[in-house]
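Note sheet for the following structure.
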Amino acid sequence: MTTHEQAVDPEVLERLAGQVIADAGGALIVPLALLGDRLGLFTALASGGPTTSGELAARTGMTERYLREWLLAMAAGGYITYQGDAPIAEGSDPRRAARYGLSPEQAEAFTNPDSPGYLVGAFQNLTAATRMLDRLTEAFRTGEGIGWHEHHPDMFEGTERFFRPGYLANLTSLWIPAMTGVEGQLKNGARVADVGCGLGASTIIMAQAYPASSFVGVDYHRDSIELARSRAADAGVSDRVEFRVAGAADLAGRYDFIAFFDCLHDMPDPLGALRAARAAVADTGGVMLVEPMSWDTVADGLNPLGRLLAGASLLVCLPSGMSAPPAAALGNQAGPTRTRRLALEAGFADARMATSTDFNLVYELRR
């Protein structure tokens, strides 16, 4: 043992091993939960009542043996509820007799896409994120980025499914009312830009809430824009919503209100995007910047949400921010101080924290 080394504390090592086991189990449960979503298993459990693997197989047409193991894994993870055993013949496998169901909370989290507690999108986009591990390994060596558009298609749909519940819960009830004068403008009729709109969930929610206003959603990812157009048509708001394939710095037109939802930190040129927004917003208008929760110090970010967000930043946000010049590499943990300074550097006269939730910080930027 060298002089700078310390003796290993067996109890501390044991706790670390326990944490790794818990983390590894969670890492396996997430893609298996996505599998259950893809196959409609959560919905089948919610609609059909407590069931055995054999009954679930008959209900869904799936293979009983796979279902038996999936049910066991989900129950061990707390994602479904073990509800006791059905009667079985002596000598039969007791796992065949195990009954499983969903609690009201589990049904809300895994089957209700309009609930603020809906969590399935996280299974989809985080599983998609890990598909880039080989590319990320090489990026550590080369310093190259990975563009948002290069991810698996599950990333785009999963991200919308993950963020949409928060937008439904907060966008028109908390975030917009926290902006100075914006709610009144939207009710009376305003021109709105949604920058980095993705599949258009935020744009459509605003269009449904404020029918007197018109909306333009812009995103550089063509496949997302095509899906957004389709979803706007399905929602019946195509008459007041337009989606364009364009980069954030290419924002064209004049707007009373401009919004960025969970996207600025992904951009290789966030300063250019904010400068374009400042040039495009009316003198009496405002810019709303919604960003993931972040902290100004390392110590403040050492918590479960900070772990999730820093991990997501490393797998998705940071590589995207390094994928093209000027490669600002903001990441989702920039912190409030740096975010406000960036807005002031872009030319805004004021950048204040308008409101926040457990998951998001909402900034108001004014000319």
Checklist entry - Under a 5 Å amide H to amide H cut-off, with H placed in plane at 1.01 Å, what residues pair with ARG99 once short-range neighbours are removed? => result GLN83, GLY84, ASP85, ALA86
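Hey, if we sort ARG191, ARG141, ARG96 by accessible area with the 1.4 Å probe, largest down, what's the order? Walk me through the numbers on the way to the answer.
Details: ARG191 80, ARG141 175, ARG96 125 Å².
The ranking, largest first, comes out as ARG141, ARG96, ARG191.
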Checklist entry - If you take the alpha carbon radius of gyration of the chain and divide it by 2.2 N^0.38 Å, what ratio comes out, to two decimals? => result 1.13
Item to check | Protection-proxy order for peptides 194-202, 273-281, 219-227, each taking the mean of Cβ atoms within 10 Å per residue, highest first | outcome: 194-202, 273-281, 219-227
Checklist outcome for this item: With Cα coordinates, the longest principal axis of the chain makes an angle with the long axis of helix 64-77, in degrees rounded to 10, of 70 degrees
Next on the checklist: Defining a contact as two alpha carbons under 8 Å apart and six or more residues distant in sequence, what relative contact order in percent does segment 107-210 show?
Outcome noted: 29 percent
Next on the checklist: Taking the 0 to 90 degree range and rounding to the nearest ten, how far is the long axis of helix 336-345 tilted relative to the main principal axis of the chain, both from C-alpha atoms?
Outcome noted: 30 degrees
Item to check | Relative contact order [Cα under 8 Å, 6+ residues apart], segment 220-355, whole percent | outcome: 25 percent
Next on the checklist: Taking all protein chains in place and a 1.4 Å probe, what share, in percent, of the accessible surface of the chain do carbon and sulfur account for?
Outcome noted: 55 percent
Next on the checklist: Could you identify which residue out of SER47, SER356, SER320 has the top mean-square fluctuation in a GNM of the chain using Cα springs shorter than 10 Å?
Outcome noted: SER47
Checklist entry - DSSP beta bridges in the chain, what fraction antiparallel, as a percent rounded to 5? => result 45 percent
Checklist entry - Roughly what % of Cα-Cα distances in segment 1-113 sit above 17 Å, to the whole percent? => result 60 percent
Item to check | Accessible area of the chain divided out per residue, in Å², using a probe of 1.4 angstrom | outcome: 48 Å²
Item to check | List MET206, MET293, MET62, ordered by accessible area with a 1.4 Å probe, largest first | outcome: MET62, MET293, MET206
Checklist outcome for this item: Taking Cα atoms, the helix 153-170 axis meets the longest principal axis of the chain at an angle in degrees (rounded to 10) of 70 degrees
Next on the checklist: I'd like the accessible area for TYR118: 1.4 Å probe, protein heavy atoms, all chains in place, Å² to the nearest 10.
Outcome noted: 20 Å²
Item to check | Rounded accessible area of ARG338 (nearest 10 Å², 1.4 Å probe) | outcome: 120 Å²
Next on the checklist: With n ≥ 4 as the cut-off for DSSP H runs, can you work out [θ] at 222 nm for the chain, using -39500 (n - 2.57) per run divided by the number of residues, rounded to the nearest 500?
Outcome noted: -14500 deg cm²/dmol
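Heavy atoms only, 1.4 Å probe, whole protein assembly: order VAL362, VAL20 by accessible area, highest first. Mind dumping the intermediate values first?
Values: VAL362 0, VAL20 85 Å².
Accessible-area ranking of VAL362, VAL20, largest first: VAL20, VAL362.
Over the chain, what is the relative contact order in percent, taking alpha-carbon pairs closer than 8 angstrom and at least six residues apart?
Details: 637 pairs, mean separation 44.9, N = 367.
It comes to 12 percent, rounded to a whole number.
The values are calculated or read from the model by the stated rules, or taken from the named source; none is laboratory data. Everything numeric here is computed off the predicted structure, so don't read it as measured data. As a convention, Cβ positions derive from the backbone with ideal geometry for all residues, glycine included, and neighbour counts pool all protein chains shown. Each accessible area value is taken on the protein alone, full model and side chains, heavy atoms only, with ligands, DNA and RNA left out. Shrake-Rupley method; radii C 1.70, N 1.55, O 1.52, S 1.80 Å.
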